[in-house]
Amino acid sequence: LIGLWDYQDGVPGRGDHVIIPSMWYSIELQATTPVPEWGNQQVRSAQEEDVIIDANGKVRWAFNRQTKYHLIRAAPLN
């Protein structure tokens, strides 16, 4: 455990780990922002992506990073 999406200032103790080269790590991205069109309702968007950190410390995405939303239409309420 290096960090948490909702605790961005680090995680003392549990977040103090050595990075092992060529290992996969999860990047948890999160943003919350008001949406004016929705009466400034706070909307949270979260993503989790995998990266590999090589022996030189270079970070690369394990897969292509998601760049589009996959929208799922809700079933009508009857």
Quick one: among Val51, Val11, Val35, which has the greatest mean-square fluctuation in a GNM of the chain with alpha-carbon springs under 10 angstrom? Val35
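Under 25 °C and 0.890 mPa s, how fast does the chain diffuse according to Stokes-Einstein, given a Kirkwood radius computed over C-alpha pairs? Answer in µm²/s, whole number. All intermediate terms of the calculation are to be shown ahead of the outcome.
Details: Rh = 15.6 Å.
Reported coefficient: 158 µm²/s.
Any read-out appearing in this document is the output of simple, stated calculations on the displayed coordinates, not a laboratory observation. No experiment lies behind these values; they were computed from the predicted model shown.
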